[in-house]
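Engineer: Sharing a structure with you now.
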Amino acid sequence: MNLITDPWLSYRFKDGSEQQLPFSAIVDPNIVDFALPRADFHGAAYQFAIGLLQTVMAPDDSHDWHALYLNPPSAEALVSYTQQVTHAFELTGDGPLFMQDSEPLDAISPSPISGLLIEAPGANGLKLNTDHFIKRGIAEALSPGMAALALFTLQINAPSGGQGHRTGLRGGGPLTTLVLPHEAESSLWQKLWLNVQSLESWDYPTPDYHSAELFPWLGPTRISNTKGSEIYAYDVHPLMMFWAVPRRIRLIIEDQVGTCQLSLTTSSQLCQQYRTSNYGNNYDGTWSHPLTHYRFNPKKPDEAYLSTKGQPGGIQYRQWHSLSFVDIEEGSLPAKVVQDFMREKSQFFDFEWGEAPRLWAFGFDMDNMKARGWYNSEFPLINLESDIRDTLLSEIKVLQKLAQEVLWHCRTQIKAAWFDKPKDAKGDTSFIDLQFWQRTQDLFFNSIQQLVSTPDGRLTPKVAKSWLNGLSTQAMDLFDEQVLTSFHPDRDMYKKMQARRYLTGWLFGGKQTKKFKSDYKVDDLTVDNLAANGLTKEQTL
């Protein structure tokens, strides 16, 4: 099976129908997306396609890029480009196999194919019978196509595996950020091509399509059980970042008719097991993967850059400015495809509010080897006026900082109402954060819309007051829902009302809120506002 010439990817058409077709189908204007059974596979398919397009047909400059964005190549033309690398995308056969080890690993005992899924319970979990929430047997038989996607997804997201099983080039569970058109029903070609960079934007040597420096599986694995076996960015071609292979894996695909347990389609071949060994390629040092946001220490710029990972609480607007805009003082570098879009491609797009392109961020939230969750968020991608950019970015941070302060006090008082000793309380309370960020997101972007329309890039008193009032309302509503929803007699009611009073008092008279009102000349809240929350003006002082 070849991943370029064979029909293995499933696509969704404008009319909602789905069909399995070869890779060259991405140029069909009627195809609007991939149609895959898992969110992580969906994200992986985008990365696979973007990496392949960047590898075989990078445009010369932004104008060539734009011409192809408006008028994609024919399927025949795309085939002529991809034919250059078909030898590297064989999933089965006798030669080098896509993203698999150069050795057959015959001496290794096979493992169930479900082990390729990042959230699947490991051998220890199965032995101890602790797979309570994510059960064993979720994918005991896969079609070759689904097995290929599972393999690719693991290699690009590989978490710490212990005992020499290497992490991915971007670390375990990296956050991926892509640019999408504003219209959800834009063609799949446009969604992918938006994230391909021109050679003018990303200058690199002409790739050798038969080199292991580009496709690592075309050569022997660099066994990493000794010092000095690390692989650094200068050891390989820059495009290899799309095709890094940290795990030593061989799929076992057999001629057997059956049903794929993920796609629920009948397949003439099934993959039920794989072999894996440790000490695969060990990627070290600073990398700059084009689809990932990186952080660095501005005071120590020589230190290795760190890729951003998913965290409890999801991907919320508090990260939006970091994922969208370069901020050297903060040590924040958006993904290169985002930087390239803002720098080179934004001239071709309308940034009117409601028509702006979208920023798509997704990835696993990993706790070492354990997947805690998968997050997927979209935000508007706006263009900041260059002459007031720094001012706008500073005001955006002010809005976000105030939201973080309000959330901290809201969460603290909810815990004070729940527990006798809140500081000693254990457990995951990230759901409080998640609800707060989701409830205030529309208000945040409404404020941003008004902010970017100001001539000097500064918050007006009206916008500042609306933001503070909105945050206060949502914080109080969230507290009431979490603490005061019971109608039964409650011995802890005094403690709960005291916590509510502390929260209300801070919202209307805390140090940070007073400073915010002073800085932006926000009028004091009226007596009616205070009375609605059970306070007099004196109680907020």
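The values are calculated or read from the model by the stated rules, or taken from the named source; none is laboratory data. Given the structure is predicted, the values throughout are model-derived calculations rather than measurements. Here the Cβ is made from the backbone with ideal geometry for all residues, glycine too, and neighbour counts use every protein chain on show. Heads up: the accessible areas ignore ligands, DNA and RNA and are worked out on the full protein's heavy atoms, side chains in. Shrake-Rupley method; radii C 1.70, N 1.55, O 1.52, S 1.80 Å.
Conditions tested, residue by residue: (1) open to solvent by 60 Å² or more (accessible area, probe 1.4 Å); (2) assigned to a strand (DSSP E or B); (3) out of contact with any helix residue (DSSP H, G or I) (no Cβ under 6 Å at 6 or more places or on another chain); (4) at pLDDT below 95.
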{"site": "242", "(1), (2), (3), (4)": "no, no, no, no"}
{"site": "250", "(1), (2), (3), (4)": "no, yes, yes, no"}
{"site": "257", "(1), (2), (3), (4)": "yes, yes, yes, no"}
{"site": "268", "(1), (2), (3), (4)": "yes, yes, yes, no"}
{"site": "302", "(1), (2), (3), (4)": "yes, no, yes, yes"}
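Engineer: So the check is Cβ under 9 Å with 6+ separation or different chains; which pairs have a first residue in segment 330-342 that's under 22 Å from residue 242 (Cα atoms) and a second one that's assigned to a helix (DSSP H, G or I) and open to solvent by 40 Å² or more (accessible area, probe 1.4 Å)?
Structural biologist: Here the result reads 333/339, each pair linking segment 330-342 to a residue that is assigned to a helix (DSSP H, G or I) and open to solvent by 40 Å² or more (accessible area, probe 1.4 Å).
Engineer: Just give me the residues in segment 287-329 being among the acidic types (Asp, Glu) and either in contact (Cβ under 8 Å) with a residue 40 or more places away in the chain or touching a Phe, Trp or Tyr at 6+ places or on another chain (Cβ under 9 Å) (or both), in sequence order.
Structural biologist: Within segment 287-329, 303, 327 meet the criteria.
Engineer: Any idea how many residues of segment 411-444 are within 22 Å of the chain's Cα centre (by Cα), more than 14 Å from residue 480 (Cβ to Cβ) and in a helix (DSSP H, G or I)?
Structural biologist: Qualifying residue count for the region: 10.
Engineer: Further question: Quick one: which helices (runs of 4 or more DSSP H) sit completely within segment 455-524 and have at least 2 residues that are free of Cβ contacts under 8 Å to residues at least 40 places away in the same chain and crowded, with 19+ Cβ neighbours inside 10 Å?
Structural biologist: Result: 461-483, 493-509.
Engineer: Could you give every pair whose Cβ atoms fall below 6 Å, whose first residue belongs to segment 228-247 and is over 17 Å from residue 167 (Cα atoms), and whose second residue is open to solvent by less than 40 Å² (accessible area, probe 1.4 Å) and in a loop (DSSP other than H, G, I, E, B), counting only separations of at least 6 or pairs across chains?
Structural biologist: Final answer for the pair search is 237/207; 237/214; 238/204; 239/207; 239/214.
Engineer: Taking the stated definitions as given, is residue 375 buried (at least 20 other Cβ atoms within 10 Å of the Cβ), touching a residue at least 12 places away in the same chain (Cβ under 8 Å) and out of contact with any helix residue (DSSP H, G or I) (no Cβ under 8 Å at 6 or more places or on another chain)?
Structural biologist: Values: buried (at least 20 other Cβ atoms within 10 Å of the Cβ): yes; touching a residue at least 12 places away in the same chain (Cβ under 8 Å): yes; out of contact with any helix residue (DSSP H, G or I) (no Cβ under 8 Å at 6 or more places or on another chain): yes.
Considered against the rule, which asks whether it is buried (at least 20 other Cβ atoms within 10 Å of the Cβ), touching a residue at least 12 places away in the same chain (Cβ under 8 Å) and out of contact with any helix residue (DSSP H, G or I) (no Cβ under 8 Å at 6 or more places or on another chain), residue 375 comes out as yes.
Engineer: May I ask you to say which residue of 306, 291 is of a type outside the set (S, T, N, Q), surrounded by fewer than 18 Cβ atoms within 10 Å (Cβ to Cβ), out of contact with any Cys (no Cβ under 8 Å at 6 or more places or on another chain) and under 25 Å from residue 44 (Cβ atoms)?
Structural biologist: 306
Engineer: On to the next question. Just to verify a result, which residue in segment 110-125, among those that are outside any loop (DSSP other than H, G, I, E, B), touching a residue at least 40 places away in the same chain (Cβ under 8 Å) and of a type in the set (Gly, Ala, Ser), is surrounded by the fewest Cβ atoms within 10 Å (Cβ to Cβ)?
Structural biologist: Among those residues, the one meeting the criterion is 111.
Conditions tested, residue by residue: (1) under 26 Å from residue 199 (Cβ atoms); (2) of a type in the set (Val, Ile, Thr); (3) in contact (Cβ under 8 Å) with a residue 24 or more places away in the chain.
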| residue | (1), (2), (3) |
| --- | --- |
| 9 | no, no, yes |
| 27 | yes, yes, yes |
| 32 | no, yes, yes |
| 41 | no, no, yes |
| 60 | yes, no, yes |
| 67 | yes, no, no |
| 70 | yes, no, no |
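Engineer: Sticking with this structure for a sec: Can you pull out every residue in segment 510-540 that is within 23 Å of residue 416 (Cβ to Cβ) and at pLDDT below 90?
Structural biologist: Matches in segment 510-540: 530, 532, 533, 534, 535, 536, 538, 539, 540.
Engineer: Is segment 344-363 home to any residue that is among the hydroxyl-bearing types (Ser, Thr, Tyr) and open to solvent by 40 Å² or more (accessible area, probe 1.4 Å)?
Structural biologist: no
Engineer: Just one of 282, 297 is crowded, with 16+ Cβ neighbours inside 10 Å and in contact with an Asp or Glu (Cβ under 6 Å, 6 or more places away or on another chain); which is it?
Structural biologist: 282
Engineer: Another question, if that's okay. Working only within segment 191-235, note down all residues that are open to solvent by less than 40 Å² (accessible area, probe 1.4 Å) and not in a loop (DSSP other than H, G, I, E, B).
Structural biologist: Those that are open to solvent by less than 40 Å² (accessible area, probe 1.4 Å) and not in a loop (DSSP other than H, G, I, E, B): 191, 192, 193, 216, 217, 231.
Engineer: State all residues of segment 341-360 that are over 18 Å from the mean Cα position of the chain (by Cα) and either in a strand (DSSP E or B) or within 21 Å of residue 289 (Cβ to Cβ) (or both); if no residue qualifies, say none.
Structural biologist: 342, 343, 344, 345
Engineer: Let me ask another. Do you know which residues across segment 15-34 are open to solvent by 20 Å² or more (accessible area, probe 1.4 Å), in contact with a Ser or Thr (Cβ under 9 Å, 6 or more places away or on another chain) and not acidic (Asp, Glu)?
Structural biologist: 19, 20, 21, 22, 24, 29, 30, listed by residue number.
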